[in-house]
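Heads up, the thing below is written out as structure tokens.
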Amino acid sequence: MQSLYTDIPSLTALTVRSIHLNHFGPCLTLRIDLPEFPQNPPPSWVDAELDQFQCHLEFIAIENLELRGWIPDDDRANLELHVRSHNKIFARMESSGFHLSFVASDSILVGHMSAYKALPNGSDSGPHQFVRKLDAKKYDAIPPVYEKTFHEHI
């Protein structure tokens with residue numbers, strides 16, 4: 001991700017695409033669209049005129065999970081991360097109709113990074129170009145939620 005962005009991207013005005021809970025760990029994975037497209041996209045992204053960047057954030061050793069509400073399609077959420085003692089962080093994500101908070105390990109994995117062209121209806125169901133070679137070989141779009149090899153592993 002460092003090669004794509006010259007500055008750390010903002011975690012405000014995120015589009016939350018999915019929240020996946022996995023009891024192994026326990027862990028929580030957010031699939032999000034960042035509000036800013038990378039400053040240094042690969043040439044293939046520029047050639048294809050892609051304009052949205054999506055990634056998964058995986059949090060492990062989840063404790064004190066609280067989830068309320070839902071996210072309408074046009075709502076944006078802000079993610080706040082606060083350092084706690086003993087290698088822990090407190091994460092809070094909120095929007096007008098949604099609240100998610102939890103404590104987790106301070107090791108956050110970023111994966112399944114991809115770019116796509118925004119569809120008129122705001123959907124991300126169109127073709128994606130993935131950063132990681134294995135993802136690019138296996139997928140040309142976001143697979144269905146039951147595809148565990150994608151949604152449960154980064």
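Rule-based calculations on the coordinates, nothing more; no lab input. Not measured: the values here are computed from a predicted model. Cβ: placed from backbone, ideal geometry, glycine included. Neighbour counts: every protein chain shown.
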Using a 7 Å offset from the Cα along the Cα-to-Cβ direction at both V46 and R76, what is the distance between the two label points in nm, to one decimal? 2.6
Kirkwood Rh in Å, taken over all unlike Cα pairs in the chain: 16.2
Hey, if you put +1 on the Cβ of every Lys and Arg and -1 on every Asp and Glu Cβ in the chain, which of A115, H23, Q129 ends up farthest toward the positive end of that dipole? H23
For the residues V145, V103, what sequence is obtained by ranking on other C-beta atoms within 10 Å, fewest first? V145, V103
So for I8, I32, I19, fewest C-beta neighbours within 10 Å to most, what's the order? I8, I19, I32
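Dipole magnitude of the chain about its Cα centre, charges +1 at Lys/Arg Cβ and -1 at Asp/Glu Cβ only, in debye to the nearest 20?
On the way: 13 positive and 20 negative charges, 91 e Å.
Here the size comes out at about 440 debye.
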Can you give me the Cα centroid spacing of region 49-90 and region 15-43 in angstrom? 8
Projected label distance in nm at H153 and R132, using a 7 Å step from Cα toward the beta-carbon: 0.9
Classify region 1-78 as rounded, prolate or oblate, taking a ≥ b ≥ c as the square roots of the eigenvalues of its Cα gyration tensor: rounded when a/c is under 1.5, otherwise prolate if a/b is larger than b/c and oblate if not. prolate
Per-residue HN-Hα couplings for region 114-123 [Karplus 6.51, -1.76, 1.60; θ = phi - 60°; Hz; x = Gly/Pro]: 8, 10, 8, 8, 4, 8, x, 8, x, 6
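Within region 15-64, report the GluC sites (Glu not before Pro) that DSSP leaves as loop and that have at most 16 other Cβ atoms within 10 Å.
Sparse-neighbourhood loop GluC sites (Glu not before Pro): E36, E49.
What is the fewest-to-most order of L79, L34, L21 by other Cβ atoms lying within 10 Å of their Cβ?
L21, L79, L34
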Enumerate by residue number the chymotrypsin sites (Phe, Trp or Tyr not before Pro) in region 95-154 meeting two conditions: DSSP loop (anything except H, G, I, E, B), and at most 14 other Cβ atoms within 10 Å of the site's Cβ. Y146
With each pseudo-label sitting 7 Å past Cα toward Cβ, what's the I8-E36 distance in nm, one decimal? 1.2
